[in-house]
1. For the chain, what relative contact order do you get, as a whole percent, if you take Cα pairs closer than 8 Å and at least 6 residues apart?
2. Residue by residue, what Karplus-based ³J(HN,Hα) values in Hz, rounded to whole numbers, does the stretch 138-144 have, using 6.51, -1.76 and 1.60 with θ = phi - 60° and x for Gly and Pro?
3. So which lysines can Lys141 reach, going by Cα to Cα under 17 Å and dropping same-chain residues fewer than 8 places off?
4. How much of the accessible area of the chain, probe 1.4 Å, is carbon plus sulfur, in whole percent?
5. Compute the Rg to Rh ratio over the stretch 142-245 from the alpha carbon atoms, using the Kirkwood formula for Rh, and round to two decimal places.
6. Kindly work out what percent of the DSSP beta bridges joining two residues of the chain are antiparallel, to the nearest 5.
7. Counting alpha carbon pairs within less than 8 Å and at least 6 residues apart, what relative contact order, in whole percent, applies to the stretch 221-279?
8. Give me the three principal axis extents of the stretch 1-51 from the C-alpha atoms, as integers in angstrom, largest value leading.
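The values are calculated or read from the model by the stated rules, or taken from the named source; none is laboratory data. From a predicted model like this one, the values you see are computed outputs, not experimental measurements. Quick note on the areas: whole protein, heavy atoms, side chains included, nothing else; ligands and nucleic acids left out. Shrake-Rupley method; radii C 1.70, N 1.55, O 1.52, S 1.80 Å.
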Amino acid sequence: MSRAPTTATHHDLEALLRDDVPYGDLTTETLGIGAEPGLMHFAARDRMVLALAEDAAALIELTGCHVELFAGSGTVLEEGAPILRAEGAAVGLLRSWKVAQTLIEIWSGVATGAAAIVGAARAIRPGIAVACTRKSVPGTKPFAVAAVKAGGAVMHRLGLSETVLVFPEHRAFLGDAPLADVAERLRRSAPEKRLVIEITTVEQAVAAAVAGFDVIQAEKFSPADIAALTERIAISAALPRRPIIAAAGGVNAQNAAAYAAAGADVLVTSAPYLARPCDVQVRISPASATV
């Protein structure tokens, strides 16, 4: 199959290999088997949404092996479905084995978790967006973004540099400044950006909508609270525009449908980053063996 671009650079993948094998594979070297030709097969043990397969393949190839990729990131795999086949010297196969396997397992878990939330929400509201936060493990953002996309979700914020989101922690430094003044200040300084504000009550949300914020991020609202907010927004005559309602805090696959039914436009979640890694079966054998 044709292969999509990798998420990480060769430098990034080489760093992963160096972290695991900084001074050579002592066991393989001591046994004297490094030059033996071999085969390595990856397959799904359980149903999963595949992620980072291209990166795993590129990482294996950095050790001098040839890789045939059978499925790309975003593919839904059933139990036993093949992921890739690699052939090369034992030293390369054994050096790349665990790093490549773990890369797929961890990030396919994230993709599978994201897909579960997307599926539950869109069964109720086909157009709803599921946005994953930036609360992934520090230093892994490229992998996290790729896994989120593989699961059919989008990123909520890539970082602090490209979006405007006013938290209560920001407002603590603004004293009693009216929300309308805060929104006006933001529009003057960042005129091309949407203005997002996090709130914790329905009354705060309505006030922020009247002040002109584009997105109301409702933090830890229950589905009933979201329904009440969307109803208040719908009947308010004082709004300059209808804001986007984003439900955030505690959103997961079990309650996503309820939030969608309540009228949320976006579900903001960190839950996929806590998903159980998927299980990838790896078989390594001499090239002469029948597999």
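1. Computed value for the chain: 22 percent relative contact order.
2. Result, rounded to whole Hz: x, x, 10, 4, x, 5, 4.
3. Counting by Cα, and skipping residues close in sequence, Lys141 has these lysines nearby: Lys149.
4. 56 percent
5. Rg divided by Rh gives 1.00.
6. If I count the DSSP bridges inside the chain, around 50 percent turn out antiparallel.
7. Once normalised by length, the contact order is 38 percent.
8. In descending order, the Cα extents are 38, 27, 22 Å.
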